[in-house]
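Comments concern the structure below.
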Amino acid sequence: MGGHTPPREIRSEVQLRLPESLRSHVDPSSLSFAPPGWTNELEQMHLRLAAIEPQYRLAEVKEKFGRLRVYLPGKPRMDAALNGVIEEYERRSAQVCQECGAPGCSRAEPGRRIATLCDSCHGVVETDANS
Ligand SMILES: [Zn+2]
């Protein structure tokens, strides 16, 4: 974090973005966002959650250190079934490129933000950083 310029495009596209189906279930006062590459995963997660609890609520959805983070409001233990689905997708997010949805893995180089990226998205970021 801090004041340095983020890698081109990653930040700007990530901000304030949530798949349409999820939006009405997430606390509007949160700073939720999801990287574009995870849209399909989040749509699937939404369907699974809605099947358990059609009116399910989420406190926040975001990407942190290249992984999906989803927070339930209140006491998580009261929503064990929802929690199980959420944890499954949080784990899966670590293997899906957050920019394009292709199979990816965590990229953590010194001085750069940790992100889950595929080989080709990783290459793009690398080229930009060197120019
Ligand atoms: Zn990619």
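Coordinate-derived values only; no laboratory data. All of these numbers come straight from a predicted model, not from anything done at the bench. Methodologically, a virtual Cβ is constructed for each residue, glycine included, from the backbone with ideal geometry; neighbour enumeration extends over all protein chains shown.
Please list, in chain and number order, the residues 5+ apart from LEU68 or on another chain whose amide H is under 5 Å from its amide H, with Hs placed from the backbone.
SER93, ALA94
List the residues, sorted by chain then number, that are 5 or more residues from VAL26 or on another chain and whose placed amide H is less than 5 Å from its amide H.
Answer set, sorted by chain and number: LEU58.
Amide H neighbours of LEU18 under 5 Å, counting only residues 5+ apart in sequence or on other chains, H built in-plane at 1.01 Å?
ALA34
Whole-Hz ³J(HN,Hα) for each residue in region 18-32, computed from phi via Karplus 6.51 cos²θ - 1.76 cosθ + 1.60 with θ = phi - 60°, x for glycine and proline: what do you get?
3J(HN,Hα) across region 18-32, in whole Hz: 9, x, 3, 5, 7, 3, 6, 9, 9, 3, x, 7, 7, 9, 5.
Identify, among CYS118, ALA50, VAL96, the residue whose Cα sits farthest towards the positive end of the charge dipole of region 10-130, taking +1 on the Cβ of Lys and Arg and -1 on the Cβ of Asp and Glu, with the dipole about the Cα centre.
With unit charges placed on the Cβ atoms, the residue in question is ALA50.
Quick one: order THR39, THR116 by neighbouring beta-carbon count within 10 Å, fewest to most. Spell out each step's value before the answer.
Details: THR39 17, THR116 27.
Ranking THR39, THR116 by Cβ neighbours within 10 Å, fewest first, gives THR39, THR116.
Quote to one decimal, in nm, the extra length available between ARG113 and ARG57 on full extension: 0.36 nm per residue of separation minus the C-alpha distance between them. Could the numbers behind the result be given before it?
Details: separation 56, 0.36 × 56 = 20.16 nm, distance 2.93 nm.
Using 0.36 nm per residue and subtracting the Cα-Cα distance, I get 17.2 nm.
If you place +1 on the Cβ of every Lys and Arg and -1 on the Cβ of every Asp and Glu, how big does the dipole about the Cα centre of region 10-130 come out, in debye to the nearest 20?
Details: 16 positive and 17 negative charges, 76 e Å.
The calculation lands at about 360 debye.
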